[in-house]
Amino acid sequence: MNNTLRKKERELSKMSPFEIKNELIKLAKKDAQKATGQFLNAGRGNPDWIATIPRQAFFLLGQWALEESSRTFTAEPGIAGMPQSEGAMERLKHFLMVNSTQPGAMMLHDAIVYCVDTLGIEPDSLAYEWAEGIIGDEYPTPVRMLEHSEEIIRAYMAKEMGDNAPGFGREYDLFATEGGTAAMCYIFDSLQVNHLVNHHDKIALMTPIFTPYLEIPGLDRYEFDVVNIEANEMDENGLHVWQYPDSELDKLRDPAVKLLCLVNPSNPPSYKLSKKCMDRIVEIVKNDNPNLMIVTDDVYGTFATDFRSLMYELPENTLCVYSFSKYFGATGWRLAVVALAKDNIYNRLIAGLPEIQRKDLYHRYRSLTPNPDAIPFIDRLVADSRAVALNHTAGLSTPQQIQMTMFALFCLVDKDDVYKKAMQDMIHARLDALWDSAGFTLVPDKDRVGYYSEIDIMVWGKKFYGDEFCKWLADHYEPLDIVLRLAKETSVVLLNGSGFAGPDWSVRASLANLTKEDYVEIGKALHQILEAYHQEFIESEKEK
């Protein structure tokens, strides 16, 4: 490779992989047009499926809610009143009986039974919240989350994030947000404005990790001192297991590390935290760093078997972010929640701040209540999300919250986890197709989830062609070259794993957005590029 091209690739590698992706797409589309080939973009994790039944329930519920509004009054042109609470459940049941053959009717029936019988929600209150919420005729009240929506999502979280935690686990407060990305921004902002993490404080990231977690701490606003906890554990065959050795986790014993951020299951390796690693973190927090604040992003937890979040292992320490976007094919809906146990260290740490900082926070939140010191951290999150002054109009839109509850109830009434098994089977089949066609060996692993796959080219280059080849490759090419070459020569878009703080020569493929047959072609393309490097290596050896 010439020096000019290497310099250009080094410059590109400083960018976010999601920005590099745009350049890769241009190259791949240009090649596809020239060769009349197929453009295959496995760079972004937007799923190619949608969950239909909870959407059918949502739209059918909306029809009933319009009827409810018209009961109050109607006028021309197309004006109606607002839903009324008294007798709302009986009217909803009658509507479902009349429309029993309509898509979504059965799910709504089962959802009502679950909410009333299992969660103990008052029927008219539930129906009224659904009618008013889906119509969107009132500001969200409470601003943090609608009352029954919170109860339902709390039960869903216990099932999916807590592996059916008994009695729905400990009590949690939930904050509904505009997707997981908004939740991330709100959390980092509130941690800082509440003096829980300050400039140059030490935070830890469990890497590889979703790129924004790498980029946000370095912004001028934060300037945190970042410690990477690397998933660099290898098995006896020299293959990545994408778990964290004790020596890495033990970095958390330092009480100067104030905050830990992780994505679990990981992005991009897509492995859930092993029980061994989970137990180690719990032991470290309890014995050495009891005030460690933890933010766990568990968006892919529903694709794992027997998943249990750190929010249930270390409830006092852990803020959990969960997004509905991937599992239900709902990235456009922007649906997520932040979950925090009522009894938590965030409130205690705020109460223990120096007087000058407590005075600062008193003035920040004094417009909300006569006693600002008593505002829990999660309610500060809500207020901060609207610059405090607009707290009274905060909250996720109510139609979004009702769609969120329909997604949750769809899984809560799915006693046999039919949907979950279908999702898991689909991504596993795609993962197998990718690795098999590339000629790589996928060793069975109960902690592998498979929504993404991170492939370390150096690991497989060493296994196929030896150490000398790997040394030659690193000497002659930049790590970014492989994703550029894939795009230019095969019209395949993958992201560079280095952009996620993964191994320099790794690539990240999403298993969510193409067909099984497409992943066969991507695997072949990977093998083709690796073989091309090897042929070049052979030619260079002959010239010596």
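Descriptive notes on the structure:
- The modelled label-to-label distance for the pair Asp220/Arg366, using points 7 Å beyond Cα in the direction of Cβ, is 3.0 nm.
- For Asp447, residues with placed amide H under 5 Å, excluding near neighbours: none
- Largest accessible area first, the residues Thr398, Thr305, Thr101 order themselves as Thr101, Thr305, Thr398 under a 1.4 Å probe with ligands, DNA and RNA left out.
- Accessible carbon and sulfur surface of the stretch 129-261 relative to its total accessible area, %, 1.4 Å: 51 percent
- Computed over the stretch 307-349, relative contact order equals 39 percent, with contacts defined as Cα pairs under 8 Å that lie 6+ residues apart.
- The share of alpha-carbon pairs in the stretch 150-262 lying farther apart than 25 Å comes to 41%.
- Between Arg71 and Lys359, residue separation times 0.36 nm minus the direct Cα-Cα distance comes to 98.5 nm.
- With coordinates expressed along the principal axes, the C-alpha atoms belonging to the stretch 468-544 extend over 45, 27, 19 Å, beginning with the largest.
- Centroid-to-centroid, using Cα positions, the stretch 214-289 and the stretch 100-123 are 41 Å apart.
- Spin-label zone in the stretch 456-500 - amide nitrogen under 16 Å from a point set 7 Å from the Cα of Gln528 along the C-beta vector: 482-494
- With all protein chains in place and ligands, DNA and RNA left out, the 1.4 Å accessible area ranks Ser453, Ser498 as Ser498, Ser453, largest first.
- Per residue, the convex hull spanned by the alpha carbons of the stretch 240-355 comes to 124 Å³.
- Centroid-to-centroid separation of the stretch 144-159 and the stretch 80-99 [C-alpha atoms, Å]: 23 Å
- Gain on full stretching of the segment that runs from Ser16 to Arg44 - 0.36 nm per residue minus C-alpha separation: 8.8 nm
- The slack between Asp436 and Glu536, meaning 0.36 nm per residue of separation minus the straight C-alpha distance, is 33.6 nm.
- Protein accessible area in the stretch 322-406, 1.4 Å probe - carbon and sulfur %: 54 percent
- Placing one equal scatterer on every Cα of the stretch 82-225 and applying the Debye formula, the log10 ratio I(q)/I(0) at q = 0.12, 0.17, 0.20 Å⁻¹ is -0.71, -1.05, -1.26.
- Heavy-atom surface of the chain, accessible at 1.4 Å and reported per residue (Å²): 42 Å²
- Dividing the alpha-carbon radius of gyration of the chain by the rule-of-thumb value 2.2 N^0.38 Å gives 1.06.
- Its residues counted as N, the stretch 442-493 yields a C-alpha radius of gyration over 2.2 N^0.38 Å of 1.38.
- Overall Cα dimensions of the stretch 307-358 - principal axes, largest extent first, Å: 47, 25, 12
- Evaluated on the stretch 302-418, the Kirkwood hydrodynamic radius is 16.7 Å, with distances taken between all distinct Cα atoms.
- Residue-level accessible surface for Lys286, protein heavy atoms, 1.4 Å, Å²: 140 Å²
- Since only Ile345, Ile356, Val321 are under comparison, the one whose Cα sits farthest along the positive direction of the charge dipole of the stretch 315-373, derived from C-beta charges on Lys, Arg, Asp and Glu, is Val321.
- Theoretical FRET efficiency, 1/(1+(r/R0)^6), r = Cβ-Cβ of His199 and Arg253, R0 35 Å, to 0.05: 0.90
- With the charge dipole of the stretch 421-513 set up from +1 on Lys and Arg Cβ and -1 on Asp and Glu Cβ about the Cα centre, the Cα lying farthest toward the positive end among the listed residues Phe440, Ser510, Ile457 is that of Ser510.
- For the chain, calculated [θ]222 nm from helices alone, where every DSSP H run of n ≥ 4 adds -39500 (n - 2.57): -14500 deg cm²/dmol
The values are calculated or read from the model by the stated rules, or taken from the named source; none is laboratory data. In this text the structure is predicted, and so the values were computed from the model without any measurement. Every residue, glycine among them, receives a Cβ derived from its backbone with ideal geometry; neighbour counts consider all protein chains shown. For accessibility, only protein heavy atoms count, side chains too; no ligands or nucleic acids. Shrake-Rupley method; radii C 1.70, N 1.55, O 1.52, S 1.80 Å.
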